[in-house]
Amino acid sequence: MPLPVVTIVGRPNVGKSSLFNALAESRISIVDPTAGVTRDRVATICQIEESYFELVDTGGHGNVDRDNLTEHVERQIGYAVDRATLILLVVDVRQGVTPLDRKTAELLRARDSHVLLLANKADEPHLADQAGEFCKLGFGDPLATSAMNGSGLRELRERILERIVDPQNERPADAVMRIAVVGKRNAGKSTFINALAGEERVIVSEVPGTTRDAIDVRFQWNGQTVVAIDTAGVRKKNKLADDIEFYAYSRVALTIRRADVVLFIIDAAVPVGQVDKRLARIIADELKPVVLVVNKWDLAKGRATTEEYGDYLVEVMPATEFAPVAFTTASTGKNVDATLGVAASLFKQAKTRVGTGKLNQALQETLLGRMPRSRRKGKRPKFFYATQVSTRPPTIVVFVNHPDLLNAQQERFLLNRLRERLPFDEIPIRLFFRARREQRDDLPKPRKSARARPNARRRMTNYG
């Protein structure tokens, strides 16, 4: 049974995103005094008492977008209104009824929508007394609210429960996988998201920087719920135009952190640049499984083979050389579903736990190889045993006589060889070295291993 949908609608700068964040009890939508910050539909699952519903934030109705995206924003508002079980029409109590408020009211009345009128920004008691003016919009007495100080929000939640038809009392199924879709501007991230969702879920435009919020898109794949997170296109920090772009840039790193797998969209039509390399380093530093998605392959096909392009990515982005590569054309949906299958495979690897016996067998086989020599003459590290202590990412602790004897070259050797023998060949591994208990008191603090860059061969995904 689909969740009830509560959609927030109103003209620009009436506090829609602030109310959305207050009801969601999380800062999800970007809030800024600039009109037209929200463009796409931003959605989240909310709970009031025992009932669940989907809460949707929308762009400002009637806003003249500075990048000529008004038509796209209005279409997204229309989609949100058509799906809504209940609409929260938000107005600004301090400014009174405006022509654009009347136009928004007519839009909702024409669609025969179930509307709850909110006179927002009633931050002081005397402002709530002015809310009666909005009765002329034809949706009854407005509820005075303030996202800033929380006044009216308790009653708002009660009214939402009263108005929702057939509330769902069962918690929605948790997503089996959360995927962050990241990349530089105009690489095709939003087109890829829409191809996954099977609908125009986010705005696609040639205008750089169209997406601003981190947008969670829930969809069904192989009978299970998956969340894909569309993110703002990354550009160089010194070229960020304003605070809005700064907020969007900051959320990309946060999105990578909360994702299970990252789909790193790379534009095949242009050379890999500094922004791509910086994103690769962020992903590697967060130890996230990643698929390098070479999008717009139809524009580059014939100039290089998939193998040649994979070698090129290893050369220019060594931080992610362990990652499989998928070649897609998101505008036609080619290889999009197959790429999701690769992501699921990586997530499975990240959750895998290897038994101590198998792990130590791999360690012993590794030690039979020709390990680089230690720089400390007369002293050699002695390895006792290894154990996996956690997953996501797989974390292995190797016990040795003196961890400080190991140099970075030896650590990379061990990690690369272990990777060849363990089911983690396409994802990052965290490796620690520890002294055995009886030797720890007189030793320096063990250091974390430098993350080695594995020599594993890439998987190339290019169906057809």
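The values are calculated or read from the model by the stated rules, or taken from the named source; none is laboratory data. Fair warning: this is a prediction, and the values are worked out from it, not measured in the lab. We place every Cβ from the backbone using ideal geometry, glycine too, and count neighbours over all the protein chains shown.
Scanning segment 294-320 for residues that are surrounded by 21 or more Cβ atoms within 10 Å (Cβ to Cβ) and in a loop (DSSP other than H, G, I, E, B) gives Lys296, Met317.
Within segment 277-289, the set of residues being surrounded by fewer than 23 Cβ atoms within 10 Å (Cβ to Cβ) and under 30 Å from Ala304 (Cα atoms) comprises Lys277, Arg278, Arg281, Ile282, Ala284, Asp285, Leu287.
Within segment 321-331, the set of residues being touching a Gly at 6+ places or on another chain (Cβ under 7 Å) and either at positive phi or part of a loop (DSSP other than H, G, I, E, B) (or both) comprises just one member, Ala330. Filtering segment 254-293 to residues that are of a type in the set (Gly, Ala, Ser) and outside any helix (DSSP H, G or I) leaves Ala259, Ala268, Ala269, Gly273. Taking Gly10, is it assigned by TED's automatic domain parsing to the domain that holds Met148, in contact with a Ser or Thr (Cβ under 9 Å, 6 or more places away or on another chain) and modelled with pLDDT of 90 or more? When the stated conditions are applied, Gly10 passes them. For segment 92-109, the set of residues classified as within 24 Å of Arg163 (Cα to Cα), in contact (Cβ under 8 Å) with a residue 24 or more places away in the chain and out of contact with any strand residue (DSSP E or B) (no Cβ under 6 Å at 6 or more places or on another chain) consists of Asp92, Arg102, Lys103, Thr104, Ala105, Leu107, Arg109, listed by residue number. Do you know which residues across segment 138-187 are within 15 Å of Val115 (Cα to Cα), of a type outside the set (Lys, Arg) and assigned to a helix (DSSP H, G or I)? Hits for segment 138-187 are Leu156, Glu158, Ile160, Leu161, Glu162. With respect to the conditions (1) surrounded by fewer than 19 Cβ atoms within 10 Å (Cβ to Cβ); (2) modelled with pLDDT under 85, Asn63 falls short on a single one, namely (1).
Matching residues to (1) modelled with pLDDT under 90; (2) outside any helix (DSSP H, G or I); (3) not polar (S, T, N, Q):
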position	(1), (2), (3)
Thr366	no, no, no
Pro372	yes, yes, yes
Tyr385	no, yes, yes
Asn416	yes, no, no
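Within segment 298-328, the residues that satisfy the criterion of being over 15 Å from Val181 (Cα atoms) and among the polar types (S, T, N, Q) are Thr305, Thr306, Thr320. Restricting Pro428, Pro403, Pro393 to residues that are more than 26 Å from the chain's Cα centre (by Cα), touching a residue at least 24 places away in the same chain (Cβ under 8 Å) and buried (at least 16 other Cβ atoms within 10 Å of the Cβ) narrows the list to Pro403. For first residues located in segment 360-372 and in contact (Cβ under 8 Å) with a residue 60 or more places away in the chain, partners that are among the β-branched types (Val, Ile, Thr) and buried (at least 17 other Cβ atoms within 10 Å of the Cβ) and lie 6+ apart or on another chain with Cβ distances below 9 Å form the pairs Ala362/Val354. Within segment 135-177, the set of residues being among the charged types (D, E, K, R) and surrounded by 17 or more Cβ atoms within 10 Å (Cβ to Cβ) comprises just one member, Arg163.
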